[in-house]
Amino acid sequence: MTRLFEKTEIRGMKIANRFVRSATWEGMASEEGACTPQLVDLMCGLAAGGVGLIITGHTFVRSEGKAATRQLGISSDAFLPGLRHMTDAVHPLDGKIVLQLAHGGLLSSKKLTGLQPVGPSIVEEISRSQRASEMTVEDIHELVSAYGKAAARARAAGFEGVQIHAAHGYLLSQFLSPFFNRRQDAYGGNVPRRAKILVDVQREIRKTVGDDYPVLVKLNSRDFIQGGLDLEASLETALILQDAGIDAIELSGGTLLSGELSPSRRGIETARDEAYFKDAAEAFKAKLKVPLILVGGIRSFEVADELVRKGITDYISMSRPFIREPGLVRRWQEGDRRQAACVSDNRCFKPALLGDGLYCVTDRDDREKAA
C-alpha cells in the first residue's frame, strides 16, 4: 500500500498527503509585487487539485532583492491585504500554503528595481552586465532583520509557515557557495562561516514567529558550476541548520548559470531520468533527522512511491507537472496512475518572461489543435 497519501505533520502543520508544490516564480503579481486574482486562482487550483502543501513562488523581502518580472513581494505591510486574500481563498479548500522568502542578491534586476544589486562578493562573471556591490556586515544585519519582518508578515497574512530560499544561486545560496562567496570575514571561508547568514536568518525568523510556526528551507545539493557548492558542504550546511532548529529541508540543485544542469532540466523521458537529485537525497537521509522534501524531475507515481517507500525522502515536491495538471495528485489518488502529462520542455516560463504569467504552452497548443 502506498504511503504517498498518508497524513503527516511538520511542527504541528497538518498535511493531507506527501505531495508538495515546489516554489515556482509565477510572474502573476502586479508590477509592484502585490497579489492578484490570477495568482489566487492558481493557488486555489492547486489546493482543489489535492496538493498537500503549496509553497508560493519566491517573494522578495527587500526591494533591491527583486529578481523577476511580476514577482510577488513581502517587503512591506502594503502587500498584506492581497496575501490575506490568497490564504483566505485557499483554506476553505483544505489547502495548506507556505510563503517562500527570498532575495535575488547578484541575480536581482536593476532594470526592475532601479537599485544596485548586492551580494556576498563582487563576482566579475556575474557583474559584467550590471554593477553590484559587496554587502557590508551592517548590510547583512539589516537583511537578517528584513527576513524576520517578512516572516512575521507571512504569519499575519495567514500562511501556515515560511520557507527560506537558499537555493538556485539567489542571495543566501550565494553565501553558501564558494563560487559566489569570496569573503574573508565571519561570513566567508569554511562551511560554518558561509552558512552563518542563513543560521542568523533562521534564528531571526524563529524569534519573530514563535516556537509553534513551521520554518522550512530550500537548499542546493550541488551548484553544478566550477568552484560552487558541493554535496559534502551542502550536507554539512543541512546539519548545521538542523541543529539550529529548522523544521524541514527541501533538496534541489543547480543555478541559472548551470546550463543543462539547472534546477528545471529538460528531456525527462524515462523513469531513469526522474529524481535527478536522488543520490543527494540518499546521502541527506542517512544523516538527517528532520523531514526531507525532494524536488527534481519526478513525473511518475511509481517513482514517487518508491522514493518514499524506500525512505529516500519524506515528501515528493513537483513544480512543472502542476503547471500543466494542477489536479495531478487528485487524479493519482482516484486511481488514474498514468505519468504526469508534463513533457519538461520549459516552454511554460516564456509567457511569464513576457509578463503574461506562467502557463503550459504545450497544453494550450494541443488544445487549440484539437479544437
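Things worth noting here:
- Counting only strands (runs of 3 or more DSSP E) wholly contained in segment 11-103, the ones carrying 3 or more residues that are of a type outside the set (Ser, Thr, Tyr), in contact with a His (Cβ under 9 Å, 6 or more places away or on another chain) and buried (at least 20 other Cβ atoms within 10 Å of the Cβ) occupy 97-102.
- Scanning segment 1-10 for residues that are loosely packed, with under 15 Cβ neighbours inside 10 Å and either closer than 15 Å to Glu250 by Cβ or of a type in the set (A, V, I, L, M, F, W, C) (or both) yields one hit, Met1.
Yes/no matrix, rows are residues, columns are (1) assigned to a loop (DSSP other than H, G, I, E, B); (2) buried (at least 17 other Cβ atoms within 10 Å of the Cβ); (3) in contact with a Ser or Thr (Cβ under 8 Å, 6 or more places away or on another chain):
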residue: Gly297; (1), (2), (3): yes, yes, yes
residue: Glu302; (1), (2), (3): no, no, no
residue: Leu307; (1), (2), (3): no, yes, yes
residue: Ile312; (1), (2), (3): yes, yes, no
residue: Trp332; (1), (2), (3): no, yes, no
residue: Ala340; (1), (2), (3): yes, yes, yes
residue: Ala352; (1), (2), (3): no, yes, yes
residue: Asp363; (1), (2), (3): no, yes, no
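- Residue tally, condition in contact (Cβ under 8 Å) with a residue 12 or more places away in the chain and either among the basic types (Lys, Arg) or in contact with a Ser or Thr (Cβ under 6 Å, 6 or more places away or on another chain) (or both), over segment 272-295: 11
To keep it simple, each residue is scored yes or no on (1) more than 17 Å from the chain's Cα centre (by Cα); (2) at pLDDT 95 or above; (3) under 30 Å from Ser30 (Cβ atoms).
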residue: Pro291; (1), (2), (3): no, yes, no
residue: Gly296; (1), (2), (3): no, yes, no
residue: Lys310; (1), (2), (3): yes, yes, no
residue: Thr313; (1), (2), (3): no, yes, no
residue: Ser319; (1), (2), (3): no, yes, yes
residue: Glu334; (1), (2), (3): yes, yes, no
residue: Arg337; (1), (2), (3): yes, yes, no
residue: Leu353; (1), (2), (3): yes, no, yes
residue: Glu368; (1), (2), (3): yes, no, yes
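- Matching residues, segment 94-113, being among the aliphatic types (A, V, I, L, M) and farther than 19 Å from Glu64 by Cβ: Ile97, Val98, Leu99
- Residue in segment 222-259 that is nearest to Ser177 (Cα to Cα), counting only those that are surrounded by 22 or more Cβ atoms within 10 Å (Cβ to Cβ) and among the hydroxyl-bearing types (Ser, Thr, Tyr): Ser234
- Only a single item in (1) in a loop (DSSP other than H, G, I, E, B); (2) among the hydroxyl-bearing types (Ser, Thr, Tyr); (3) farther than 18 Å from Arg11 by Cβ is not met by Tyr213, and it is number (3).
- Every residue from segment 311-336 that is over 24 Å from Pro291 (Cα atoms) and charged (D, E, K, R): Arg324, Glu325, Arg331, Glu334, Asp336
- Scope segment 104-138; condition assigned to a strand (DSSP E or B) and either acidic (Asp, Glu) or at pLDDT below 90 (or both); matching residues: Glu134
- Qualifying residues in segment 260-295 (those that are among the β-branched types (Val, Ile, Thr) and part of a loop (DSSP other than H, G, I, E, B)) - the one surrounded by the most Cβ atoms within 10 Å (Cβ to Cβ): Val295
- Meets criteria (of a type outside the set (Phe, Trp, Tyr) and at positive phi) for Gly327: no
- The residue pairs whose first member lies in segment 95-118 and is over 14 Å from Phe60 (Cα atoms), whose second member is among the aromatic types (Phe, Trp, Tyr), and whose beta carbons are closer than 7 Å, counting only pairs six or more residues apart or on different chains, are Ile97/Phe159; Val98/Phe159.
The values are calculated or read from the model by the stated rules, or taken from the named source; none is laboratory data. A quick note: this is a predicted structure, and the numbers were derived from the prediction, not measured. Don't worry about glycine lacking a Cβ; one is built from the backbone with ideal geometry, like all the others, and counts go over all protein chains shown.
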